[in-house]
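The values are calculated or read from the model by the stated rules, or taken from the named source; none is laboratory data. This is a predicted model, so every value here is computed, not measured. In this analysis, Cβ positions are derived from the backbone assuming ideal geometry, glycine residues included, and neighbour counts consider all displayed protein chains. Ligands, DNA and RNA are stripped out before the accessible areas are found, and what is left, the full protein with its side chains, is counted by its heavy atoms. Shrake-Rupley method; radii C 1.70, N 1.55, O 1.52, S 1.80 Å.
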Amino acid sequence: MKVLLAAMLLPSVGAFLYFQILASPMYISETHFAVRSAATSVPDVGGLASMFMPAGGSVGADAMIVAEYIQSPDIMEEIDQELQLFSHFSSPDNDLFSRLAANATRDERLKYWHWVVKPSYDPESGIIALKVKAYEPAMAKQLAEAVLLKSEALVNTISQRSQIDAIALSMAEVKTAEIRVKKSQEALRDFRNRSGMLDPASTAGGLQNIISQLESEAVKVRAAIAEASTYMSQNAPSLVGLKNRLAALENQLVDEKKRLAGESQPGSLSSLAGEFEDLQTENEFAQRQLVAAMTSMEVARLKAEAKSRYVVAFQNPSLPDESLYPRPFLFAAYTLVGTVVLIGILSLIIAAVREHANF
């Protein structure tokens, strides 16, 4: 029984003496922060640019990215260059068991980083709780502040990249629409120079009026010829003059009608009007595309300003005034419990072996 009690108590006493006397005290600085969005009500006009804008639901995803980034080797190396972090943790002034080896590899430093820097993300509230340990209170606070600044820089980078992509794409849409408008306007200008008409529709309207006047005049001349034929001979000069005038009117009517709707003639007003309508339709669509693209670019710019991400620290890193690690009594209790469990398992194994061996 004395041996059993000694086996149970000696490890706990040894652990207590080590953590109380030999272990270097470490100071813990804690901060709580969250990733938030300044999203406001911005109209969505569609377009490719809107696909690249950060949505409100991606704030939680950004917070998870930040939590993973805090455990990455990249932030570890950057902060080490700024604060000489691992020189602090590998100092010979610290106890042998808790300090980092002076010639530690990158993987060993990353494991040590995970031990001294512990982020905890709550998906329901979106809050990231960060605890850091260091051998000096000032270093603990500086380390927590550095992690907070690096996290905010990452969030800004993510937000700015999506904003730049959205604005660049919307500007490309505007440029494409401007090129289309320019081509359609040049096509209209070439058509007017080639045809000599500003608007074939208005020209056709004027020509239709001329045809109507010629037809009305032809009707009057036919009536005059019919009336004169009742009392004049067919060779009478007056009647012959009326017939010649009617023939001239009919010939002019045929020519004007061919100009107006001569399908077989490429230069007829009907074919020119059809070509002009196609060009005008293309120009109207190009103008609408340009207006929509410019509206999309403006909305993308507003979203870039309104949906930026930022880090809100509602508990700033504090300067610890007492050592909270290690805890001698608590760790000694853990050692005692572990020793009791281990002795219990060994006792069961020994009892099983004795029963199996029949002694």
> Among the residues of the range 69-106, how many are modelled with pLDDT of 90 or more, open to solvent by 90 Å² or more (accessible area, probe 1.4 Å) and closer than 16 Å to MET139 by Cβ?
Replying inline: 3
>> Based on this model, can you work out whether PRO54 counts as of a type outside the set (Lys, Arg), buried (at least 19 other Cβ atoms within 10 Å of the Cβ), under 20 Å from the mean Cα position of the chain (by Cα) and at pLDDT below 80?
In response: yes
>> I'd like to verify a number: residues in the range 107-122 that are over 24 Å from ARG36 (Cβ atoms), open to solvent by less than 30 Å² (accessible area, probe 1.4 Å) and among the hydrophobic types (A, V, I, L, M, F, W, C), how many?
In response: 2
> Does the range 153-162 include one or more residues that are over 30 Å from ILE75 (Cα atoms), assigned to a helix (DSSP H, G or I), open to solvent by 50 Å² or more (accessible area, probe 1.4 Å) and at pLDDT below 80?
Replying inline: no
> Has the range 138-145 got at least one residue that is buried (at least 16 other Cβ atoms within 10 Å of the Cβ), touching a Ser or Thr at 6+ places or on another chain (Cβ under 7 Å) and more than 26 Å from PHE33 (Cα to Cα)?
Replying inline: no
>> For a quick check of your reading of the model, give me the residue pairs whose first member lies in the range 86-103 and is touching a residue at least 60 places away in the same chain (Cβ under 8 Å), whose second is part of a loop (DSSP other than H, G, I, E, B), with beta-carbon atoms closer than 7 Å and at least 6 apart or on different chains.
In response: ASN94/SER24; ASN94/TYR135; ASP95/ALA23; ASP95/SER24; SER98/ALA23; SER98/SER24; ARG99/SER90; ARG99/SER91
>> Anything in the range 225-249 that is within 19 Å of LEU214 (Cβ to Cβ) and open to solvent by less than 70 Å² (accessible area, probe 1.4 Å)? List them, or say none.
In response: ILE225, ALA226, GLY241, LEU242, LEU246, ALA247, ALA248, LEU249
> Hey, SER318 hits all of (1) in a helix (DSSP H, G or I); (2) modelled with pLDDT of 80 or more but one; which does it fall short on?
Replying inline: (1)
> How many residues does the range 123-137 hold that are within 11 Å of HIS32 (Cα to Cα) and surrounded by fewer than 20 Cβ atoms within 10 Å (Cβ to Cβ)?
Replying inline: 4
> Which residues, taken from the range 197-230, are modelled with pLDDT of 75 or more and not hydrophobic (A, V, I, L, M, F, W, C)?
Replying inline: SER212, GLN213, GLU215, SER216, GLU217, LYS220, ARG222, GLU227, SER229, THR230
> Being part of a helix (DSSP H, G or I) and closer than 19 Å to ILE28 by Cβ, is that true of even one residue in the range 117-132?
Replying inline: no
> LEU290 is checked against (1) closer than 30 Å to ASN193 by Cα; (2) surrounded by fewer than 17 Cβ atoms within 10 Å (Cβ to Cβ); (3) modelled with pLDDT of 70 or more and fails just one. What number does that condition carry?
Replying inline: (2)
>> Of all residues being modelled with pLDDT of 75 or more and either of a type in the set (D, E, K, R) or in contact with a Phe, Trp or Tyr (Cβ under 6 Å, 6 or more places away or on another chain) (or both) in the range 239-262, which is nearest to GLU227 (Cα to Cα)? Just the residue, please.
In response: LYS243
